[in-house]
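The values are calculated or read from the model by the stated rules, or taken from the named source; none is laboratory data. This structure is a prediction, so every number in the text was calculated from the model and none was measured. Here the Cβ positions follow ideal geometry from the backbone for every residue, glycine too, while neighbour counts run over all protein chains shown.
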Amino acid sequence: MTNVFSLYSSLKDRIARREARIATVGLGYVGLPLALTISEAGFPTTGLDLNGARVAAINAGEKVISYFPEGRIRKAVAGGRFAATGDFAVLAEADLILICVPTPLSPAREPDLSYVIRAVEAIVEWLRPGQLVVLESTVWPGATATVVKPILERGGLRAGEDFFLAFSPEREDPGNEKFSTQSIPKVVGADDTRSRELIDQFYSHIVTKTVPVSSLATAEAVKLVENSFRTVNIALVNEMKVAMEAMGVDVWEVVKAASTKPFGYMPFYPGPGIGGDCIPVSPVYLSWRAKDVGSALPIVDLARANNDGAPDMIAGRVAVELSKHGGVAVKGARVLILGVAYKKNVEDTRESPALAILKRLEAMGAECDYHDPYFPVMPVTRDHPALAGRQSVALTGDTVAGYDAVLVATDHTDVDYALVARSARLVLDTRNVFAAFETTDRPARLVKI
Ligand SMILES: NC(=O)c1ccc[n+]([C@@H]2O[C@H](COP(=O)([O-])OP(=O)(O)OC[C@H]3O[C@@H](n4cnc5c(N)ncnc54)[C@H](O)[C@@H]3O)[C@@H](O)[C@H]2O)c1
């Protein structure tokens, strides 16, 4: 009969020899870079995804994620150490199963663990003694132990005895050229020593530094605290922006100068609101869990409310500036929105404040178009499905001059801002993109909002 020690030793040896077979469940912005990084470290890796078109595109070596280096996926697939599939039967062969599926908000804006539950229900069909299951998706503290573990134990196997269970949060920053999956320290946590040692040992082969913590819940909390810190600071700097403007001070200049302080300050920049699947979502998970255990996070909740209200505030500001510069009423005004992705240089519109602004301006009677090099055609989005199919306007001097205002919502690098500066009647800039321009080359009418 196999005992836990021999299961542990056997997996440990397989990891040490880089023979452990890895399966990643979910090949999105997090799962795909992770799977590729693991296969590049020498582990045989299979990526699972329910989206057949994505699986086919990956196996065909297509780039799939725009900021990936050319040929990265093709090389991984051709090298024979990485393949994508939709067939969960591969889990029977896997030694480690890493779960990287979405954890969005429900329509009631509460944690939605349905993707995680569905993935774990598929995994339990194939679970066998000696496997290590790792949840990587962002969840509230306690979710792995109270939601994931009971499902995995349905077949009679016990976590920490028959199979191993860990949590390791993703810290992927899409489009960030300074940090890769491999160079970002990886937090690893488990409720039992063997699971913790195995996940720590595994990730020591993959990333430059691991950070072991004492429990699943601690590792889960690390991620939510990091993102809540960002949420609060983004709300703070946007609040500063409004107050500074009333004082006749440019907040961008203030942040730039404050950043020279070598301790005790970290720059956050103003903007039109927050987006993506992380920063707007994590604080909701943390706040929800805090209430669940009879506690509260009023500062985080206030920051969330400020951030949620930012797109409306920007839309209101557009109306005011249209009227101020040329007496144009927002009703019937033509507005071009530059950038609809939630942040620069990514092809991702999830929770994008730009889209919320667009919708708000249209509700106020404006006629809006957009330009975004990443979205020639607007995709179907969870938040704004009705916008699907709209087309990005080509940037020419004539088209730009035809709008009452151009609103810079997302500061993609690959946009001809010089052309915008030359041609636009009024530029409303939420990202300070024209700061780098000589004063003489800036738009004639430029307002930072
Ligand atoms: N995107 C980021 O910047 C980022 C950063 C850190 C953490 N996270 C977290 O990582 C997790 C994954 O996010 P993402 O951005 O990679 O999501 P994503 O939407 O880009 O990708 C998720 C993938 O999982 C697939 N999928 C869904 N259910 C599945 C199932 N049952 N079985 C197999 N595949 C399934 C989807 O088809 C999709 O391809 C989330 O918890 C998110 O909060 C995201």
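Key figures for this structure:
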read-out	value
Of all residues making up region 322-341, the number that are touching a residue at least 40 places away in the same chain (Cβ under 8 Å) and surrounded by fewer than 21 Cβ atoms within 10 Å (Cβ to Cβ)	4
Hey, Phe179 of a type in the set (A, V, I, L, M, F, W, C), loosely packed, with under 15 Cβ neighbours inside 10 Å, in contact with an Asp or Glu (Cβ under 9 Å, 6 or more places away or on another chain) and under 27 Å from Tyr342 (Cβ atoms) or not	yes
Residues being on the phi < 0 side of the Ramachandran plot and in contact with a Lys or Arg (Cβ under 6 Å, 6 or more places away or on another chain) - total across region 28-44	3
Output for region 65-106, where each listed residue is farther than 26 Å from Phe164 by Cβ and within 22 Å of the chain's Cα centre (by Cα)	Ile65, Ser66, Tyr67, Phe68, Pro69, Glu70, Arg72, Ile73, Pro104, Leu105, Ser106
Selection status of Ser323, more than 16 Å from the ligand (Cβ to nearest atom), under 30 Å from Pro141 (Cβ atoms) and hydroxyl-bearing (Ser, Thr, Tyr)	no
Residue in region 36-49 that is small (Gly, Ala, Ser), in contact with a Ser or Thr (Cβ under 8 Å, 6 or more places away or on another chain), closer than 23 Å to Val207 by Cβ and in a helix (DSSP H, G or I) present	yes
Residues that are farther than 21 Å from Arg154 by Cα, among the polar types (S, T, N, Q) and within 11 Å of the ligand (Cβ to nearest atom), drawn from region 64-119	Thr85, Thr103
Which numbered condition Tyr403 fails, given (1) over 30 Å from Lys178 (Cβ atoms); (2) under 21 Å from the mean Cα position of the chain (by Cα)	(2)
Count of region 3-55 residues which are within 12 Å of the ligand (Cβ to nearest atom) and within 20 Å of the chain's Cα centre (by Cα)	18
Verdict on Leu27 being part of a loop (DSSP other than H, G, I, E, B) and surrounded by 22 or more Cβ atoms within 10 Å (Cβ to Cβ)	yes
Residue in region 206-224 that is more than 24 Å from the chain's Cα centre (by Cα), more than 16 Å from the ligand (Cβ to nearest atom), surrounded by fewer than 14 Cβ atoms within 10 Å (Cβ to Cβ) and not in a helix (DSSP H, G or I) present	yes
Condition check for Arg158: within 15 Å of Val134 (Cβ to Cβ), more than 14 Å from the ligand (Cβ to nearest atom), among the basic types (Lys, Arg) and free of Cβ contacts under 8 Å to residues at least 40 places away in the same chain	no
Residues within region 140-168 that are modelled with pLDDT of 95 or more and either more than 28 Å from Thr181 (Cα to Cα) or assigned to a helix (DSSP H, G or I) (or both), tallied	17
Tally of residues being more than 16 Å from the ligand (Cβ to nearest atom) and in a helix (DSSP H, G or I) across region 260-301	7
Subset of region 352-365 (residues that are closer than 20 Å to Gly273 by Cα and either small (Gly, Ala, Ser) or at pLDDT below 95 (or both))	Ser352, Ala354, Ala356, Ala363
